[in-house]
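Have a look at the structure below, then the notes.
Derivation of every value follows stated rules applied to the coordinates shown; laboratory data play no part. Please read all numbers here as calculations on a predicted model, not as lab measurements. Here Cβ is always computed from backbone atoms with ideal geometry, including for glycine, and neighbour counts include all displayed protein chains.
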Amino acid sequence: MIARYHFGLNNDHTVLIALIETPLGLLNAVEIAHSHPRLHGLNLGTEDFSFEMGMEPEWDALLYPSQQVAIVAKAAGIVALGYAGSIAQFRDIDAFEKTVKKSSRLGFEGGFAIHPAQVPALNRVFSPSQEAIEQAEKVVTAFEGLENSGIGAVKVDGKMVDLPIANRARQILDRAKYIANREQKQL
């Protein structure tokens, strides 16, 4: 899963992120997502898309097209970026962060900012919390003890943990490790 965040290219290569900004772009998102080997992310350009649709860039209006872009990105094995809301909310960071939090639950892995004040909110939302990391470690440890036993599930804190839940926990740990390594390199 780490390769998902470190795109496996040398530092002298450029990765591409496609922005879906029109209804036609949304209809062609599958082809766009597979259009080039350096394409590693897909994002809905919410402001442009909303303009093209004649709608307000709000959660209800952007939920469906945002989910479509996230689904296409995941199906193509590339990163789903963005959120179902306006990127222009740089004065109301609390509202922006709420939109980003709701969107992260849809499978988005990051997003863009138009103002430096948005960056801390994006980092907070798209980085696993210490609590999430600790829970993921507990889930992975419990599940790994079963993998060779032929038993397909285990109970952790009163909840059933099977392979998809264990794999989601592994993704959290991979993401946390990637972020920690990236931050270490910046020091």
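What translational D, rounded to a whole number of µm²/s, comes out for the range 130-186 from Stokes-Einstein when the hydrodynamic radius is the Kirkwood one over Cα pairs, at 37 °C and 0.692 mPa s?
Values: Rh = 12.0 Å.
The calculation lands on 274 µm²/s.
Looking at the chain as a GNM with Cα springs under 10 Å, which of ALA95, ALA29, ALA18 has the largest mean-square fluctuation?
ALA95
Rank these for me by crowding, LEU62, LEU24, LEU19, LEU81, going from fewest to most other beta carbons within 10 Å. Each step should come with its number before you reach the end.
Numbers: LEU62 26, LEU24 10, LEU19 19, LEU81 23.
Lowest to highest Cβ neighbour count: LEU24, LEU19, LEU81, LEU62.
Report the charge-dipole magnitude of the range 2-126 in Debye, nearest 20, computed about the Cα centre from +1 at each Lys and Arg Cβ and -1 at each Asp and Glu Cβ.
Working: 9 positive and 13 negative charges, 112 e Å.
The calculated dipole for the range 2-126 is roughly 540 debye.
Taking the Cα atoms of the range 2-126, what is the range of coordinates along each of the three principal axes, in descending order and whole Å?
Dimensions of the range 2-126 along the principal axes of its Cα atoms: 38, 32, 23 Å.
Sort out for me the Cα centre separation of the range 155-187 from the range 134-149, rounded to whole Å.
12
Hey, in the GNM for the chain with a 10 angstrom Cα cutoff, which one of SER104, SER66, SER129 fluctuates hardest?
With Cα springs under 10 Å in the chain, the top fluctuation among SER104, SER66, SER129 is at SER129.
Students often check this: by mean Cβ neighbours within 10 Å, which of 32-44, 160-172 ranks highest, and how do the rest follow?
Values: 32-44: 18.0, 160-172: 15.6.
Top of the packing list down: 32-44, 160-172.
Quick one: among LYS74, LYS159, LYS138, which has the greatest mean-square fluctuation in a GNM of the chain with alpha-carbon springs under 10 angstrom?
LYS159
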